[in-house]
Amino acid sequence: MPIVRWAAARSPPSPRPGPRSSRPTAASSPLSEVNDISDLNPETYARFRGLRLRPALDLLARIPALPMGCVVDLGCGGGAVGPALASRFPDRRLVGVDASPAMMAEAGQSGAYSALVKADIAEWTPDEAPALIFSNAALQWLGDHDRLMPRLAALLAPGGSLAVQMPRQYGAPSHRFLRDIAAAMFPDRFTLEDTHPVAPASHYWELLCPFGEVQAWEAEFVQHLEPTPGAHPVRRFTESTAMRPFLARLAADEASAFVAAYESALAAAYPLRPDGSVLFPFRRCFFVVTRPD
């Protein structure tokens, strides 16, 4: 069994809200402030596990030879990538880092990790300089990438690599509709930033080239989503990720109305195929920076 421990906190965690028995009050804080990744639901997130894993395997294929040191799966979630990392680097200590207790419990069941660390991935600091920091679809939840990415690169051992994959779907209908509908239905509930959380791949190349050799690229995955009775497949895909911060601000009746409006918009943008499935283009950003020896 992997060792599970708490990382030392740099600041006290934000208090969790108590039980909600009435409609939420209006909030003026930015939507990004409810992008809490400490309570992701493993079951809903895993519904499209294969589609979410494919980009991670593509990223893994671009990692060069590593120096001595451990491998860190930063934002490991339920451990979907753990077995692939353990297979690629069988003689390395594999450490999973995540903020969600439920996800970490699932990651522990994979048997891939030497240790699991519960930590805020924005402020996490390793006990030893890693040979590889690997992060698949996690860092898009965090802001200030111009500070975050250089900080992570600086943590690497000489010759080590930082490998990152993040969705870059902000302008796609699947994500734009969420903001548009929220602004129309609940204008006093959200402050919607007009900035993309993930920059173009070229930005990360420029940002990280002082740290070593950089590979950076983008790819659009044409995802075939199987029929999901009772819901549009794209809604099922986003409800465990992009939709979460919106629903967190809404009471049950508001959430039902919000989802109904979202479903209606999706039907026009992503028409169902005759069998009820849908093609869902999804853009992702990748980069690998390798420090000099």
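One residue stands out among those in region 190-244 that are assigned to a helix (DSSP H, G or I) and of a type in the set (S, T, N, Q): the one that is nearest to the chain's Cα centre (by Cα), which is THR238.
Of the numbered criteria (1) in contact with a Leu (Cβ under 8 Å, 6 or more places away or on another chain); (2) touching a residue at least 12 places away in the same chain (Cβ under 8 Å); (3) of a type outside the set (S, T, N, Q), the one ALA269 fails is (1).
At pLDDT 55 or above and either more than 30 Å from THR290 (Cα to Cα) or not acidic (Asp, Glu) (or both), is that true of LEU74? Spelling it out, LEU74 is indeed at pLDDT 55 or above and either more than 30 Å from THR290 (Cα to Cα) or not acidic (Asp, Glu) (or both).
Conditions (1) surrounded by 14 or more Cβ atoms within 10 Å (Cβ to Cβ); (2) touching a helix residue (DSSP H, G or I) at 6+ places or on another chain (Cβ under 8 Å); (3) farther than 30 Å from PRO158 by Cα; (4) polar (S, T, N, Q), marked per residue:
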residue	(1), (2), (3), (4)
ALA183	no, no, yes, no
PRO187	no, no, yes, no
SER202	no, no, no, yes
VAL234	yes, yes, yes, no
ALA242	yes, yes, yes, no
ALA255	yes, yes, yes, no
SER264	no, no, yes, yes
ASP275	no, no, yes, no
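Of the residues contained in region 88-97, one or more are found to be touching a strand residue (DSSP E or B) at 6+ places or on another chain (Cβ under 8 Å) and among the charged types (D, E, K, R).
The residues of region 200-239 that are within 29 Å of PRO150 (Cα to Cα) and either of a type in the set (Gly, Ala, Ser) or in contact with a Lys or Arg (Cβ under 7 Å, 6 or more places away or on another chain) (or both), listed by number, are ALA201, SER202, PHE211, GLY212, GLN215, ALA216, GLU218, ALA219, GLU220, PHE221. Restricting attention to region 45-70, the residues that are outside any loop (DSSP other than H, G, I, E, B), at pLDDT 95 or above and of a type in the set (A, V, I, L, M, F, W, C) total 4. With respect to being at pLDDT 95 or above and over 17 Å from the mean Cα position of the chain (by Cα), ALA154 fits the description.
The values are calculated or read from the model by the stated rules, or taken from the named source; none is laboratory data. From a predicted model like this one, the values you see are computed outputs, not experimental measurements. So basically every Cβ, Gly included, is an ideal-geometry build from the backbone, and we count neighbours across all protein chains shown.
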